[in-house]
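Here is the structure we will look at.
Just so it is clear, none of the values below were taken in a lab; they were calculated from the coordinates. Computed from a predicted structure; not experimentally measured. Cβ placement follows ideal geometry from the backbone for every residue including glycine, while neighbour counts extend to all protein chains displayed.
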């Protein structure tokens, strides 16, 4: 059953702590994306990666880091430098070429600050 | 730059009412247009898309027509159901960009009462 999985569903962060959100896909897609969703603000792009071992900053990359060591995995780390991390985080993937127009989303991780 | 503007919600309707959610866009080149739906606590699912002017996307009774002359992609459904309650996002991707990134509107919350 192909798809995108994100874990955990809920994540709690303490002050000064780094936390990592997992994103895995078995769709054999080349491109992967991380979005942040806040109420009433739509989705904002944090980072994206078009191929393994390569990634670029999106619109709100400050306070976040990523890696892309494997095609199927694109973890996001929320660092202590991100002062307002409470949000719903969505991972997405897409194939390359013309089909890249359609992105497939995971179920999301809700991050809360203690 | 590329952007999407959609009507603010929330929208509250009775079952079997007619639905319109307005969406307009700004883009250079030849964008493709999308409607995504997000059910409570979940990620986004592609609802429909249109890749060129005058195309009509349709799915599950929802329709939207790509109008280049008015730069619009309004979502319509003739008879909504309680199960249509969700947040709807208009989005575009610009084929002039090699990034394949999506630009989202802020989302419109739809609640349908029985």
- Note on the structure: Share (percent) of C-alpha pair distances in segment B:20-112 greater than 22 Å works out to 23
- Query: If you average the sequence gap of Cα pairs under 8 Å that are 6 or more apart and divide by the length of segment A:49-114, what percent do you get for the contact order?
  - Reply: 24
- Task: Just tell me how shielded A:102-109 is by partners: mean number of partner chain Cβ atoms within 10 Å of each residue's Cβ, no decimals.
- Result: 5
- Based only on Cα atoms, what Rg/Rh ratio does segment A:49-114 have, Rh being taken as Kirkwood's radius? 0.98
- Query: Using alpha carbon centroids, what distance separates segment B:40-114 and segment A:38-114, in Å?
  - Reply: 21
- Query: Rg to Rh for the protein assembly as shown: what is it, with Cα atoms only and Rh by Kirkwood?
  - Reply: 0.97
- Given Cα pairs under 8 Å that are at least 6 residues apart, what percent is the relative contact order of chain B? 37
- Assign one of three labels to chain A, namely rounded, prolate or oblate, based on the Cα gyration tensor with a ≥ b ≥ c the square roots of its eigenvalues; rounded applies when a/c is under 1.5, prolate when it is not and a/b is larger than b/c, and oblate otherwise. prolate
- Item | Percent RCO, i.e. relative contact order, over chain A, from Cα pairs under 8 Å lying at least 6 residues apart | 35
- Message: Give me Rg/Rg_expected for segment B:53-97, where Rg uses Cα atoms only and Rg_expected = 2.2 N^0.38 Å with N residues.
- Response: 1.33
